[in-house]
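Undergrad: Following this message is one structure expressed as structure tokens.
The values are calculated or read from the model by the stated rules, or taken from the named source; none is laboratory data. What you are looking at is a predicted structure, and each value in this text was computed from that prediction instead of being measured. For neighbour counting, all protein chains shown are included, and Cβ atoms are generated from backbone atoms with ideal geometry for every residue, glycine included. Heavy atoms of the whole protein, side chains included, go into the accessibility calculation; ligands, DNA and RNA do not. Shrake-Rupley method; radii C 1.70, N 1.55, O 1.52, S 1.80 Å.
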Amino acid sequence: MKSMFKLRNKNTGPIGLDLGHNSIKMIQLAWSDGKIRVIAAEEADYVQDIDGADEAGRESAISAVKGMLAKGNFSGREVVSCLSNDSLKIKSLRLDTTDPRQIEEQFRNEVARRFGLDADADEIRYMIAGSVYQGDEIKNEVIFFGMDKAGIARHLGLLEDAGLTPVGIDAVPCALFRSFQASLRRQEDQRLVSVLVDVGSLFTTVIIGRGQEIIFVKQIPIAGERLNAEVASRLEVTVDEAKLLRAKLKNDTDGAMAPATRQAVIDAMSRTIEELAKEISLCFRYYAVTFRGQRPTEVFFAGGEADETTLLRALKRHLGVSITIARPLRGFDLSQADFERRHDAEMSKWTVAVGLGMKGMDLSTCESECYERN
């Protein structure tokens, strides 16, 4: 019997699936002749708690993924997805060791307790960020990622019920950095300090990397939904109306929006934006004190809220660095994918999906110009 699924060839990566709180994005990459091309990409709006216990929301997500698979030109059904930021717990600890056995002991003695997880039953992973200064002592900074096993099982079950074959699960910070690190292939980039900030619906994620390694991750519970709530409260409108007002403000390049309304929306967001800008600034300060390394001179912004001009201006004031919108698909061949209908010129909201689609890909044969800096 002929298979209903297309088989993925060796030059085609898995489907990268970003299950967000407002949308679902799926992308698949392939490489040949030293170039990377997008062979399929689909997006569907979504507002439910996908990884939660809401059965109606879960079925809606499954239906959306199936529809995207049927519509798109995806090859095979292997998928790499990521755990949502609100279900993933991230902590950094300073240890006296990099010995895996001794770090394992930390799982049981301290990390699991801080996470509220069971070290034997739940999942805890880690990455070593590098040497840090604590007074006159040098310690090793270790970033731990934890999630309860039941949540992972729900996530995998959703993927399988949607007709997908999970071959990898990633964390949002890792996917974000992977989409960016492909541009850091030159020898002179190996000590470069990179900062990527993803502003999503519920969380803002700050990643600082040095060369090809992540050395700092911070989840900040201030993002798009908080801004929507502030606008709704201050202007006495519904959250949906607040979203529309913010969208009009973002797209008001010709000044068509009434000046009074424009200023009212900006004023409603200002307190939250200042709070977020200060939190991101504290991340910079922590990095500078802890690692005593080169100060970043540029910050790349990604995510569905990355084009919030008011936020970007505030951050530029606080950080004193250049602000750039990430372009995760710059240099990729998009001729096979229908991106023309999308209004996001930089396509920064695709950063997580691109990073997921790149997981496991051998990029060593790809030409360096394919990974032009964002």
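Undergrad: For the peptides 303-313, 192-202, what is the packing order when you average, over each peptide's residues, the other Cβ atoms within 10 Å and list the highest mean first?
TA: Put in order of decreasing packing, that is 192-202, 303-313.
Undergrad: Turning to a different aspect of this structure: Using the Karplus equation 6.51 cos²θ - 1.76 cosθ + 1.60 (θ = phi - 60°), what ³J(HN,Hα) coupling, rounded to whole Hz, does each residue of the stretch 120-134 give in order, writing x for Gly and Pro?
TA: 8, 9, 9, 9, 10, 10, 8, 9, 8, 7, x, 6, 10, 9, 10
Undergrad: Please report the relative contact order for the chain, taking Cα pairs under 8 Å with a sequence separation of at least 6, and give it as a percent rounded to a whole number.
TA: 21 percent
Undergrad: Hand me the GluC sites (Glu not before Pro) from the stretch 70-140 located in a DSSP loop with no more than 16 other Cβ atoms within 10 Å, in residue order please.
TA: Those that pass, being in a loop and sparsely packed, number zero.
Undergrad: Can you work out ³J(HN,Hα) from phi for every residue in the stretch 152-157, in order, using Karplus 6.51 cos²θ - 1.76 cosθ + 1.60 and θ = phi - 60°, giving whole Hz and x for Gly and Pro?
TA: 5, 4, 5, 4, 5, x
Undergrad: Taking the alpha carbon gyration tensor of the stretch 237-323, what are the square roots of 5 times its eigenvalues, largest first, to the nearest whole Å?
TA: That gives 30, 13, 11 Å for the three semi-axes.
Undergrad: Now for a separate question. Specify whether the C-alpha gyration tensor of the stretch 203-246 places it in the rounded, prolate or oblate class, a ≥ b ≥ c being the square roots of the eigenvalues: rounded for a/c under 1.5, otherwise prolate if a/b is larger than b/c and oblate if not.
TA: prolate
Undergrad: Considering the Cα positions of the chain, please state its Rg to one decimal place and its Dmax as a whole number of Å.
TA: Cα radius of gyration and Dmax of the chain are 21.0, 69 Å respectively.
Undergrad: While we're on this one: Anything over 20 Å Cα to Cα? Flag those among Lys89/Lys149; Lys89/Lys139; Lys25/Lys316; Lys91/Lys218, in the order listed.
TA: Lys89/Lys139; Lys25/Lys316
Undergrad: Continuing with the same structure: Considering the Cα trace of the stretch 183-293, what is its radius of gyration and what is Dmax, both in angstroms?
TA: Considering the stretch 183-293 through its Cα atoms, Rg and Dmax are 17.8, 54 Å.
Undergrad: If I histogram all Cα-Cα distances within the stretch 87-159 using bins 10 Å wide from 0, what percent of pairs lands in each bin?
TA: Here the calculated profile for the stretch 87-159 is 20, 46, 24, 8, 2.
Undergrad: A further question follows. What percentage of the solvent-accessible surface of the stretch 82-150, computed with a 1.4 Å probe over protein heavy atoms, is contributed by carbon and sulfur atoms?
TA: The computed percentage sits at 41.
Undergrad: If Arg37, Arg327 are ordered by their accessible area, calculated over protein heavy atoms with a 1.4 Å probe, which sequence runs from highest to lowest?
TA: Arg327, Arg37
Undergrad: Follow-up question, since we're still on this one. Determine the principal axes of the Cα atoms in the stretch 21-114, then give the extent along each, sorted from largest to smallest and rounded to whole angstroms.
TA: 51, 44, 19
Undergrad: In whole Å, what three semi-axes, largest first, describe the equivalent ellipsoid of the stretch 126-179 built from its Cα gyration tensor (square root of 5 times each eigenvalue)?
TA: Values for the stretch 126-179, descending: 34, 13, 6 Å.
Undergrad: If you take the alpha carbon radius of gyration of the stretch 110-221 and divide it by 2.2 N^0.38 Å, what ratio comes out, to two decimals?
TA: 1.25
Undergrad: What are the GluC sites (Glu not before Pro) within the stretch 208-276 that DSSP puts in a loop, where the Cβ has at most 14 other Cβ atoms within 10 Å?
TA: Glu236
Undergrad: For a quick check: with amide H placed at 1.01 Å from N, whose amide H comes under 5 Å from Ile222's, ignoring anything fewer than 5 positions away on the same chain?
TA: So Ile222 has HN proximity to Thr204.
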